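What follows is a single structure, written as structure tokens, with notes after it.
Here, each number is a calculation from the coordinates, and none is a lab measurement. Just so it is clear, the structure is predicted and the values come from calculations on it, not from any experiment. All Cβ positions, glycine included, derive from the backbone under ideal geometry; neighbour counts span all protein chains shown.
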Amino acid sequence: MKVRLLGTAAGGGFPQWNCACALCGLAGTPSVPARTQDCLAISPQGKDWYLVNASPDIRAQVLAAPPLTPGPGPRDTPLRGALLTDAELDHTLGLMQLRESRGLSVWAPPAVLDALRTRLPVRDIVAGYGSWQWAPPDEFPDLAVSVLAVSDKRPKYARDSTVDGSWVVAYRLHDPATGGVLVYAPCLATWPAGFDEFVGGASCVLLDGTFYSAEEMTGTGTSTSAQRAMGHVPVAGPAGSLARIRAHAGSGTRWLYTHLNNTNPLLDRRSPQFRAVTSAGVEVPEDGATLDL
Ligand code: MLT
Ligand code: MN
Ligand code: ZN
């Protein structure tokens with residue numbers, strides 16, 4: 001399985017268009033790479049490609065990814081569809097920008113498929129442009145997909161939805177041809193029950209790295225409780241993800257943080273926080289990074 005990290009920032013990207021913070025001011029300098037919004041491209045055999053999440057930056061992300069170059073026919077593309085972890089805008093708006101395709105397949109949890117029909121009518125909108133298919137994750141082709149329900153956190157635009165079920169999931173993608181396993185979990189409110197088992201034997205885990213600390217958004221006009229309401233476990237601290245990753249030391253699994261918010265000091269490769277994470281053996285990859293599993 002080939003994996004390409006198309007984007008590694010949280011919603012808003014880095015820099016964020018309306019942010020005047022010191023970090024956003026440094027974005028694009030050698031130690032502080034700019035980042036587009038989180039999503040992946042994966043390919044079981046290196047021929048057909050699938051997105052995992054579809055960010056609003058998808059046009060620039062596809063243009064920057066050589067394997068996604070169109071051809072050989074005038075409107076051929078190796079992109080076949082998208083698998084979604086949730087219905088958040090930073091993970092779904094890209095679908096609308098793919099309307100020029102003749103139609104793609106989208107796999108997502110039932111609550112997300114419902115939201116994209118009733119709350120954010122992407123399905124109706126793209127249906128006017130091509131023939132799209134919508135299905136639950138277990139119908140994803142070529143790879144064995146396991147789903148871990150992570151939370152019932154609804155996007156703000158669907159806050160009052162009464163649809164029950166898993167609004168946010170993590171995926172474990174197993175390539176039977178190579179034995180490679182990728183776990184992708186960009187939205188973790190806490191370290192979920194069953195997650196330690198879910199990552200067992202994984203080659204790589206791409207993990208929610210939105211916030212380094214629990215108080216990080218203080219000073220941006222957003223409170224600690226509002227940060228907590230965003231539903232992302234911080235990297236640091238006794239309940240943070242880094243402590244839980246350390247418990248897996250020696251397992252042979254590679255751990256990588258993605259979905260970095262524009263407040264996160266890990267964005268600066270010179271920061272002590274970046275050194276702390278990388279010296280613990282955890283990676284902070286940039287846009288365009290690839291994995292071969
Ligand atoms: C999140 O990850 O918490 C959401 O994407 C926030 C947002 O962009 O509204
Ligand atoms: Mn997000
Ligand atoms: Zn900023």
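Is the shape of region 91-160 rounded, prolate or oblate, going by the alpha carbon gyration tensor and its root eigenvalues a ≥ b ≥ c, with a/c under 1.5 for rounded and a/b larger than b/c for prolate?
oblate
Expressed in whole Å with the largest first, what are the equivalent ellipsoid semi-axes of region 182-225 derived from the C-alpha gyration tensor as the square root of 5 times each eigenvalue?
Semi-axes, largest first: 28, 11, 7 Å.
Any idea what % of Cα-Cα pairs in region 41-109 are farther than 16 Å?
43 percent
Counting other Cβ atoms within 10 Å, keep those with at most 15, restrict to DSSP loop, and tell me which trypsin sites (Lys or Arg not before Pro) in region 76-122 are left.
Passing sites in region 76-122 are ARG102.
Out of the chymotrypsin sites (Phe, Trp or Tyr not before Pro) in region 39-120, which ones are loop residues according to DSSP with at most 11 other C-beta atoms within 10 Å?
Answer by residue number: there is no such site.
For a test of the definition: using alpha carbon positions, the gyration tensor, and the 1.5 limit on a/c, classify the chain as rounded, prolate or oblate.
Because its axes are fairly even, with a/c under 1.5, the chain counts as rounded.
Quote the FRET efficiency, to the nearest 0.05, computed for THR190 versus ASP76 with a Förster distance R0 of 41 Å and r equal to the Cβ-Cβ distance.
0.40
Of the beta bridges DSSP finds with both residues in the chain, what % are antiparallel, to the nearest 5?
50 percent
What is the distance in Å between the Cα centroid of region 242-293 and that of region 53-98?
That distance is 25 Å.
Taking the Cα centre of the chain as origin and charging only Cβ (+1 Lys, Arg; -1 Asp, Glu), how large is the dipole, in debye to the nearest 20?
Value, rounded to 20: 360 debye.
Rank THR258, PHE140, ALA27 by how far each Cα sits towards the positive end of the charge dipole of the chain (+1 on Lys, Arg Cβ; -1 on Asp, Glu Cβ) and give me just the farthest.
The one lying farthest along the dipole's positive direction is ALA27.
Among LEU23, LEU173, LEU182, which one shows the biggest mean-square fluctuation in a GNM of the chain, springs joining Cα atoms closer than 10 Å?
LEU23
Calculated from DSSP H runs of 4 or more alone, at -39500 (n - 2.57) each and per residue, what is the 222 nm mean residue ellipticity of the chain, nearest 500?
That calculation yields -4500 deg cm²/dmol at 222 nm.
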